[in-house]
Each structure stands twice: as structure tokens, then as C-alpha cells.
1. Provide the gained length on full extension for the span residue 221 to residue 209, in nm with one decimal, where the gain is 0.36 nm per separating residue minus the Cα-Cα distance.
2. When only alpha-carbon atoms are used, what values of Rg and Dmax, in angstrom, describe the stretch 138-254?
3. Jot down the radius of gyration and Dmax of the stretch 70-199, Cα atoms only, both in angstrom.
4. Assuming R0 = 51 Å, what is the FRET efficiency of residue 59 and residue 195, from their Cβ-Cβ distance, to the nearest 0.05?
5. Using Cα-Cα distances under 8 Å and only pairs 6 or more residues apart, what relative contact order does the chain have, in percent?
6. Let's test the formula: R0 of 25 Å, r as the Cβ-Cβ distance of residue 78 and residue 179. What FRET efficiency results, to the nearest 0.05?
7. Take residue 85 and residue 246, extend 7 Å from each Cα along the Cα→Cβ direction, and tell me the distance between the two endpoints in nm.
8. Does a label point 7 Å from the Cα of residue 23, set along Cα-to-beta-carbon, have any residues of the stretch 32-69 with amide nitrogen under 14 Å, and which are they?
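What follows draws every value from the coordinates through simple rules; no lab data is involved. These numbers come from a predicted model, not from an experiment. Don't worry about glycine lacking a Cβ; one is built from the backbone with ideal geometry, like all the others, and counts go over all protein chains shown.
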Ligand SMILES: Nc1nc2c(ncn2[C@@H]2O[C@H](COP(=O)(O)OP(=O)(O)O)[C@@H](O)[C@H]2O)c(=O)[nH]1
Ligand SMILES: [Mg+2]
């Protein structure tokens, strides 16, 4: 069993990509299942095989503990790890090839609180990989690009498993797509775009951060994917296969 955790900022395309990967593997005669770990989600573009909302009800938490919507979603996310045994049992009974974990809308609730990293490290399976989704619509300037790479690096440090960084919504980027992929692939290209930024103080700071990520091995390439027209999904599937065949010891990703 291979676990694929799908993380990223709110609205970056996690749930849509979960549904697309599910269908991708079904079409290739693998056996994938989907698990919704977002207790606060209302509508999903797929029918989850296991759903954390069956175990944790945000509305009940609101009433019982007199919480607002935000507080109850935080509490519900903190409770995910308490349900790991039930979720593990359901998954073991199904015994799939791929387990697609769709994670809470707000990345910090999963990656930066204790529950999410506990869940990732204690869930039992053969291989684990995290897909970190960088929202294509937020990668508009080289400074934004580096700040999101920094977030991707922080998530990698928290979850401590192999990670693939994905640029989502490639269909909406038009001519910007090659520029953003150029920033990911070439320091020269990124730094020359940073040199053109008006705010030179922040541009220098961003350059330093980017060089530090490169030096420490945290910088990763980006795979551009569209959850809308599926462009790029075969590259993603190939990167996933490489990690699965290399085994869990690989923490590098692409
Ligand atoms: N055009 C386009 N829209 C996308 C893509 N990925 C997600 N969306 C849309 O962006 C919105 C948020 O996506 P969702 O999967 O719910 O994001 P999540 O909060 O990360 O789970 C939805 O309206 C999706 O249809 C994509 O690759 N291309
Ligand atoms: Mg979602």
C-alpha cells in the first residue's frame, strides 16, 4: 500500500487533484482509494471511501464546546490523529494499491499542528509521499514564488516524508507558465527576475532565502499539473512511480 498525502494552501486544488488521481489509477487498473481528512469540507468532487467526517462532526463540536466555525475546525483537525486506528482498520480491510489522503483546507491545521504529522508518521503502509500543491494563481511574482517554495520546504520539514511539489492550475497560467517553471529550474532565471523587482530590499532577502534552500537541498523542482484538463498528470504519475519504486527511504522527491 502506498500513501499519497495531498497538501497545499486553501483552494490550491487538493480535492480536485484527489479526484483526478483516483480516476487516473482506476483507468490504469490499479486499486486506489480516497480518504477525506478535511473535517470542515462541505462538498467534494469525489465520494470518499473513508471520510473523517463520519468520525468527527464540526457542528457537534460547535454546539458542545460553544465554538465558532474556525475554532471547531481547528479542534476537529486536532482530533484527526485520535481516529488513526479506525482509519487504518478501514484501509487495511480494503487493502488498496494507492491511498489518496485529501487534507484539510488550511495547510497549517494539518502540517503545523501535532495531529497531522502524528498521523503521517504513524499510519502504516509501504511507502509515503506528500504532494505539496503550489497554487498557480499565487505564483505571480518571483518573490511570491520563493515565499511559497519556503512554505513547501517548511511542510517537508514537518512531515519528514518524500515530497513532490506541484504547480497547480497550469491551464490558467497561459504564457506565465514557462516563466514560473523557469524560476524553478534555473537560479539564473529566478535571480534575473528578482533583480527586476522594484523593492530591492525584499528582492535581496528573497535571493538569500532561495540560495539557502538550494544549498540545504530543500529546493525542489515543480511539476505543472492541471486538475481541469489533466495536462501534466502523466509526469506526476511517473514521479510518484519513481518514489514508490525507490522506497520510503527516499526523501528527495523530484
Ligand atoms: N482551472 C483550474 N481550476 C482548478 C484547478 N485545480 C483546482 N481548481 C479549482 O479551484 C477551486 C479550489 O479547488 P479545490 O480542489 O476545492 O481546492 P482545495 O481547497 O485545495 O481542496 C475549485 O473551484 C476547483 O475547481 C486547475 O488545475 N485548473
Ligand atoms: Mg479540499
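1. Full extension of this stretch gives 2.7 nm more.
2. Cα radius of gyration and Dmax of the stretch 138-254 are 14.7, 45 Å respectively.
3. 17.7, 57
4. According to the calculation, E is roughly 0.50.
5. Numbers: 415 pairs, mean separation 58.3, N = 254.
Reported relative contact order: 23 percent.
6. Values: r = 39 Å, r/R0 = 1.58.
After rounding, the FRET efficiency stands at 0.05.
7. 3.6 nm
8. Answer for this model: 45-47.
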